[in-house]
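I'd like to ask you about the structure that follows.
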Amino acid sequence: MIRTRLLRLGECDSMLPSRLPPPCKETRNNRVSDWPDAPVKVENEAFWAALNAGDLDSCLVSVAQTSASPEAVAPLYCHLAAALLHRNRAAEAAACCRTAFPLIRANRELLRICAWVFSNSNCFAEAAAAYWQIVALEPDWVEGYRHASSVLAAAGRAEEAVAAALAASDREPGNAEFALHAARLLAELGRLPEAALYLDRAIPTAASSTLIEAAELLMRWEQAEAAADLLRSRASEGAPDPRLLRVLSAAEMLSQQWEAALAAIDLAIAADPDAAEYRVHRGHLLSRLGDTAGAAAALADAARLAPDDATVKRAQLSLYLAAGLVSEATAIGGELLHGFPDDRPAAESVLHLLNHRLDTIDGDYVVLPENDRRSRAARPAPGWLARVATQRRVIRAVILREMRTRFGESKLGYGWALIEPVAHIGLLSATFAVLMHGQPPIGRHFFLFYYTGLIPYHMFIHTSGGMSHAIIGNAPLLQLPLVTTFDVIAARGLLEIATDIVVAVLLLIGFGALGVASAPDDLWGASLALLTTAALGCGVGYVNAVITVLVPSWEKAFAQFTRLLYFTSGIFYVPGMMPGWVRDMLAWNPMLHAIDWFRAGFFDGYQPHWLDRSYMAMSAVLWLMLGFALERGLRRRLRVPL
């Protein structure tokens, strides 16, 4: 029993109080009747009409000027107080009840209104007086003792609160919530043996929520093993509450039962897979067990479920820092400060990280006095070729980092980049093969026709869209002197281009293996079209990267624009199928020319008269110039602070 576990922790002179405290007589002087008289008088009938209409100001004037008897005035004040409290005018509501309370003799309904208004207006001593007056009229109203206990505890009158709580539980011993409330108050006063007595009373009939509170109370008493025993017995009964399993895991962890704690939290996650906090707890457990990779995976799942929860980010930062993964911790720190700039715990976590980084810098430091300092010859500025070589190394390093962060955490890795176009081409081919009775608009194979439409489209979308978040996603790197916003944007764009080229080549090899004649008739023309499309995507990507930092909602607007491009670029049709006036409008879209240019390289007989290669190339050059100019001109404003 809980009581036998706790009796050794303290002794008490009396297990139950000898008597209840007397009703509280405390009141305040601030009353509605003390307010200045208003110039308008309204009769009682008008008062009720105004109250029903919600004109509470007129009601206040009426009740302050009424000459009715106290028995008639008290209901007016009480019902007006309830209406005022519903309108969030708590101070005025309490003042009305403060005036009515001395006028009420034995009207239980009005006394309950006063108790309710006082409680919700934080006038706890007066609420206790109202509840005691009701209890005096209704000695068998057990809930009155429970309510009185709550407001007395809130008023800081702990001994009286305990007496009321014990009276409620003793009058209704089968109520688990009453017994748990009494145990909690007794424990706060250090009367642990009595608390154990009432906790034992609460457990047999307790619902899951009450049982969880009892276990948490035991853990606060440093009785984790008792809490685990209590919850373990309930967890074995059918399908337990996932919250109960979560608290059981905490109790097992405090009892150093690591495997049992991990098993309990796994069951909780299985019962409620969308609870991010459960996965954070699992990450802490795995970290304590030395499984850093498992802990990181659990916290990553929590971050996916709750991307706006700073607690998850702080847990990730602490894990990486404890594991010595300073670079990963720095990246998380940047995300923390960017996503939660006003969160003090987030700022403290990042400050701890920066202090750790300073502490791990190796080297001996000597402070030279002023007269011992020797002037050094200025280092010559690097030449143009040296700067280009340095920038090339920086971009290469950023590309390697992008590859690790984008594909390294996935088991499929680069397979995801291949799955998307394959699934897309397969779906379009199957759909239009039925609609067009097995004959594509150009060539003999649907796969190749849609391949020539999707590859340039994906090249543009992936490049321009992927570069949008290059600055925000690499904010920690921008704290390094050699890394500029140009470098991180260029690295993201080059990685997207290289990935799409690899995917395009692999798909052609796959088509050949399936017996589909897929070799382009004009390899140079198709390659030039794809490179020009990549240049256009990079130009738009630089513009997107700049605008996304300045206007975070821009990415949503650009996403709508790309959906429009899907239907206006000739991916699954040829513009020749359209009326002339429609085709002339579509010809303003550079991606229409990019796709037809790439498609013409695969189908020698397809040379549309509306294709303008110079327009496509000029568009790519202009967008690149605009993107470079925006990035260079706004570079100082683009560094996202850590």
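The values are calculated or read from the model by the stated rules, or taken from the named source; none is laboratory data. What you see is a predicted model, and the numbers here were worked out from it, not measured in a lab. Ideal geometry is used to build each Cβ from the backbone, glycine not excepted, and the neighbour counts take in all protein chains shown. All accessible areas refer to the heavy atoms of the entire protein, side chains included, with ligands and DNA or RNA removed. Shrake-Rupley method; radii C 1.70, N 1.55, O 1.52, S 1.80 Å.
Matching residues to (1) farther than 22 Å from Val312 by Cβ; (2) at pLDDT 80 or above; (3) open to solvent by 20 Å² or more (accessible area, probe 1.4 Å):
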| site | (1), (2), (3) |
| --- | --- |
| Arg246 | no, no, yes |
| Ala264 | no, no, no |
| Pro273 | no, yes, yes |
| Arg279 | no, yes, yes |
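For the structure I just gave you, tell me whether Arg288 is under 23 Å from the mean Cα position of the chain (by Cα), of a type outside the set (Val, Ile, Thr) and open to solvent by 20 Å² or more (accessible area, probe 1.4 Å).
For Arg288, the condition - under 23 Å from the mean Cα position of the chain (by Cα), of a type outside the set (Val, Ile, Thr) and open to solvent by 20 Å² or more (accessible area, probe 1.4 Å) - is not met.
Please determine, by comparing only the residues of the range 514-552 that are of a type in the set (A, V, I, L, M, F, W, C) and surrounded by fewer than 16 Cβ atoms within 10 Å (Cβ to Cβ), which one is nearest to Met459 (Cα to Cα).
For the range 514-552, the residue satisfying everything is Leu531.
Let me ask something additional. Taking the range 607-621 as the search range and keeping residues that are in contact (Cβ under 8 Å) with a residue 24 or more places away in the chain and more than 17 Å from Leu530 (Cα to Cα), which one is surrounded by the most Cβ atoms within 10 Å (Cβ to Cβ)?
The extreme case among them is Pro608.
Within the range 48-56, is even one residue modelled with pLDDT under 50 and assigned to a loop (DSSP other than H, G, I, E, B)?
Looking for residues that are modelled with pLDDT under 50 and assigned to a loop (DSSP other than H, G, I, E, B), one finds none in the range 48-56, hence no.
Looking at the range 171-178, is at least one residue at pLDDT below 75, not in a loop (DSSP other than H, G, I, E, B) and not charged (D, E, K, R)?
Yes, that holds for at least one residue.
Against the conditions (1) modelled with pLDDT of 70 or more; (2) in a helix (DSSP H, G or I); (3) within 26 Å of Asn120 (Cα to Cα), where does Glu213 fall short? Just the number, please.
If we test Glu213 against (1) modelled with pLDDT of 70 or more; (2) in a helix (DSSP H, G or I); (3) within 26 Å of Asn120 (Cα to Cα), just (1) comes out false.
Right, here's the next one. For the range 155-174, name all the residues that are without any contact (Cβ under 8 Å) to a residue 24 or more places away in the chain and on the phi < 0 side of the Ramachandran plot.
The one that is without any contact (Cβ under 8 Å) to a residue 24 or more places away in the chain and on the phi < 0 side of the Ramachandran plot: Ala165.
A follow-up question, please. Of all helices (runs of 4 or more DSSP H) completely enclosed by the range 531-642, which ones contain at least 3 residues that are out of contact with any strand residue (DSSP E or B) (no Cβ under 8 Å at 6 or more places or on another chain) and of a type in the set (D, E, K, R)?
Filter on the range 531-642 gives 554-568, 613-633, 635-638.
For the range 461-502, enumerate the residues that are open to solvent by less than 10 Å² (accessible area, probe 1.4 Å) and closer than 16 Å to Ala529 by Cα.
Matches in the range 461-502: Thr463 only.
Considering only the range 622-642, state which residues are of a type in the set (Phe, Trp, Tyr) and surrounded by 18 or more Cβ atoms within 10 Å (Cβ to Cβ).
Answer for the range 622-642, where residues must be of a type in the set (Phe, Trp, Tyr) and surrounded by 18 or more Cβ atoms within 10 Å (Cβ to Cβ): just Trp623.
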